[in-house]
Amino acid sequence: MESYEARMREKADALVRRGAAVILAVESSCDETAVAVVENGRIERANAIASQIDVHALYGGVVPEIASRMHVEAIDPLLDAALAQAGLSLQDVDAVAVTYGPGLVGALLTGVSWAKGLAYAADKPLIAVNHIEGHVSANYVAHPSLEPPFVCLVASGGHSHIVNVARYGQYELLGGTTDDAAGEAFDKVARVLGIPYPGGPLLDKLAEEGDDCAYHFPHPHTQGKYDFSFSGLKTAVINQAHKLRQQGQEIVAKDWAASFRRCVVDLLVEKTLAAALDTGARRVAVAGGVAANSLLRAELKRRGEAAGLEVFIPPKRLCTDNAVMIGAAGFYRLMAGEQAGLDLNALPALRMFGT
């Protein structure tokens, strides 16, 4: 009998020759369980998500064991919901794509194990997708006209990168954080202000009401022209808050939030635009959870277009973790002739650039 791997190679090759595929995608890297159906890397046919925010808010952050258990409970119903949204049966799907890293190991294992079982049972090719590449690829669904090359800022709770997207699936790291990620800094400063989990989005909302010139925070220096450093900034902000409180001075939370947000956004936008202009890029995109930040979206668009760049910003629902982005990335991996075997494992520390 022909092996699963051999059959799937034949099927994958046929899809590459056809140049089209309907991808069933799964994302479970942290605290969102998601299943989506994406056609040809560009068309969102279905997007089903189960959020765990309310549960983890009780603990002030994501509890890995709880996240894994909730993924197990949510994933089967989400499959049914996604197929119903798309108006398809499982047999209408051409391949299964899944996030295999980076992320929480237990959460990733849930999705990877489930996707392998589904792909084998349904006799579909399996595609392994890097979570960060997924974030970049969300732009392909949001902007069907966008094609490489372009420069993309990837900013999230665990990652801050400036990436040159040379071709589909081919990336060059131009700059990145030397310590904390932007989203991590937002969350930790939010905690100092008494803002509950999830801190970043709530800090952004509070900042909308504040004066972003009320407080002044340092702009960290980095050796790399396009690199970021948020650890020192975060520490300086936290220490300044403690000092003012010890002196009996009141901190105006909305102004503090607005001033900190302005500082972080200025750093992100300045270095991203510098990288784009220096490399001769004409298009700039943004991706990741921090890309939902309202000031970042506004400033990147305003300053990018003023510099003569075309700016691409996905809707907020495609910035946070979702499976649509995994389906988009999975399509281009499939078209490049890539296919995962049933020995696929979760890689919680998976890198995108091999460094």
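At-a-glance table
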| quantity | calculated |
| --- | --- |
| Sites matching chymotrypsin sites (Phe, Trp or Tyr not before Pro) across region 297-355 that sit in DSSP coil, with at most 14 neighbouring C-beta atoms within 10 Å | Phe353 |
| Interchain or long-range residues, amide H under 5 Å from Gly101's placed H | His131, Leu347 |
| Helix-derived mean residue ellipticity, 222 nm - over the chain, DSSP H n ≥ 4, -39500 (n - 2.57), to 500 | -15000 deg cm²/dmol |
| Percent RCO, i.e. relative contact order, over the chain, from Cα pairs under 8 Å lying at least 6 residues apart | 25 percent |
| Carbon and sulfur %, accessible surface of region 268-355 computed with the full protein complex present, 1.4 Å | 52 percent |
| Whole-Hz ³J(HN,Hα) from phi, Karplus 6.51 cos²θ - 1.76 cosθ + 1.60, for region 39-47, glycine and proline x | 9, 6, x, 10, 10, 7, 8, 7, 8 |
| List Ile49, Ile313, Ile162, ordered by accessible area with a 1.4 Å probe, largest first | Ile49, Ile313, Ile162 |
| Eligible aspartates and glutamates near Lys124 by straight Cα distance, threshold 19 Å, same-chain separation 8 or greater | Glu2, Glu5, Glu10, Asp13, Glu27, Glu39, Asp76, Asp80, Asp92, Asp94, Glu338, Asp343 |
| Largest-first principal axis extents, alpha carbons of the chain, Å | 77, 47, 35 |
| Calculated SAXS-style log₁₀ I(q)/I(0) at q = 0.11, 0.17, 0.18 Å⁻¹ - region 61-172, Debye, Cα scatterers | -0.46, -1.03, -1.11 |
| Built amide H within the under 5 Å cut-off of Asn47, gap 5+ | Val37 |
| Loop-located GluC sites (Glu not before Pro) in region 177-210 whose Cβ has at most 16 other Cβ within 10 Å (DSSP) | Glu208, Glu209 |
| Solvent exposure ordering (accessible area, 1.4 Å, most first) of Ile75, Ile66 | Ile66, Ile75 |
| Highest-MSF residue in the chain out of Val284, Val62, Val112 [GNM, Cα springs under 10 Å] | Val62 |
| Counted charge near Ala291, where neighbours are those whose Cβ lies closer than 13 Å (Asp, Glu -1; Lys, Arg +1) | +1 |
| Residue-wise HN-Hα coupling along region 133-146, computed from phi with Karplus coefficients 6.51, -1.76, 1.60 (Hz; x: Gly, Pro) | 4, x, 4, 4, 6, 4, 5, 5, 6, 5, 10, x, 7, 6 |
| Radius of gyration and maximum dimension Dmax of region 185-278, Cα, Å | 13.8, 47 |
| Contact order normalised by residue count of region 1-142, Cα under 8 Å, 6+ apart, percent | 29 percent |
| Derived scalar couplings ³J(HN,Hα) [region 258-268; Karplus, 6.51 cos²θ - 1.76 cosθ + 1.60; whole Hz; x for Gly, Pro] | 5, 5, 5, 4, 4, 4, 5, 5, 4, 5, 5 |
| Accessible surface of region 123-164, 1.4 Å probe, proportion on carbon and sulfur as whole % | 49 percent |
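The values are calculated or read from the model by the stated rules, or taken from the named source; none is laboratory data. Since the model is a prediction, treat every value here as computed from it, not as a measurement. For neighbour counting, all protein chains shown are included, and Cβ atoms are generated from backbone atoms with ideal geometry for every residue, glycine included. Calculation scope for accessible area: heavy atoms of the full protein, side chains included, ligands and nucleic acids excluded. Shrake-Rupley method; radii C 1.70, N 1.55, O 1.52, S 1.80 Å.
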